């Protein structure tokens, strides 16, 4: 009996795993989204906000630099926050931001993030960031089709530090939770 049923059970599991993301009961809630300019003379405007667009978490960023940014380094930390507020690091990376802009598609995870940024922004696809130009990311929506099916119900922290010539000039913090 079990030998006859297992192909059907396997097919059901496969169908459920391949079900459209929009039918998933998952909700992404942004708890905190902040941007801080660490050098107001270089970056006098650095604003972050979030809202819900059609029930999905959406983010907005605007920034203005007063001098061209020809060299950009990124320090990225992505953590899970446990109930006791301890953290489990999922990613800690230092990247050349200019290289990421020009070859974002080479890194699968970050490539998809940069692809979405390019779709929703006027960011350059290579350095430099021009002086006295406002750059914006509008309606960067966290869509369920880009989130793994087995995402645990947890709180996640994303920290991004922006460096120019080894000097910190911007700090981004995002805390979001996934709930079913």
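The values are calculated or read from the model by the stated rules, or taken from the named source; none is laboratory data. This is a predicted model, so every value here is computed, not measured. Neighbour counts run over all protein chains shown; Cβ positions are idealised from the backbone, glycine included.
Run down 84, 79 and say which single residue is in a loop (DSSP other than H, G, I, E, B) and modelled with pLDDT of 90 or more. I'd like the intermediate steps shown before the answer.
Details: 79 fails: in a loop (DSSP other than H, G, I, E, B).
It is 84.
For the stretch 108-137, give me the residue count where each residue is free of Cβ contacts under 8 Å to residues at least 24 places away in the same chain, in contact with a helix residue (DSSP H, G or I) (Cβ under 9 Å, 6 or more places away or on another chain) and farther than 17 Å from residue 160 by Cα.
Residues in the stretch 108-137 being free of Cβ contacts under 8 Å to residues at least 24 places away in the same chain, in contact with a helix residue (DSSP H, G or I) (Cβ under 9 Å, 6 or more places away or on another chain) and farther than 17 Å from residue 160 by Cα: 3 in total.
Restricting attention to the stretch 22-70, report how many residues are part of a loop (DSSP other than H, G, I, E, B) and modelled with pLDDT under 95. Please lay out each step first, then the result.
As a first pass, look at the stretch 22-70 and keep what is part of a loop (DSSP other than H, G, I, E, B): 24-26, 38-44, 54-55, 65-68, 70.
Subsequent filtering for residues that are modelled with pLDDT under 95 retains 24-26, 54-55.
Count: 5.
Here are some residues: 74, 95, 101. Which one is in a helix (DSSP H, G or I) and either free of Cβ contacts under 8 Å to residues at least 40 places away in the same chain or closer than 22 Å to residue 33 by Cβ (or both)? Step through it out loud before you land on a result.
Working: 74 fails: in a helix (DSSP H, G or I); 95 fails: in a helix (DSSP H, G or I).
One residue alone meets the criteria, 101.
Do we have any residue at all in the stretch 126-146 that's more than 16 Å from the chain's Cα centre (by Cα), outside any strand (DSSP E or B) and modelled with pLDDT under 90? Can you show your working first?
Initial filter on the stretch 126-146 (more than 16 Å from the chain's Cα centre (by Cα)): 126-135.
From what's left, outside any strand (DSSP E or B): 126-128, 130-133.
Checking which are modelled with pLDDT under 90 leaves us with none.
Within the stretch 126-146 (the criterion being more than 16 Å from the chain's Cα centre (by Cα), outside any strand (DSSP E or B) and modelled with pLDDT under 90), the answer is no, since none of the residues qualifies.
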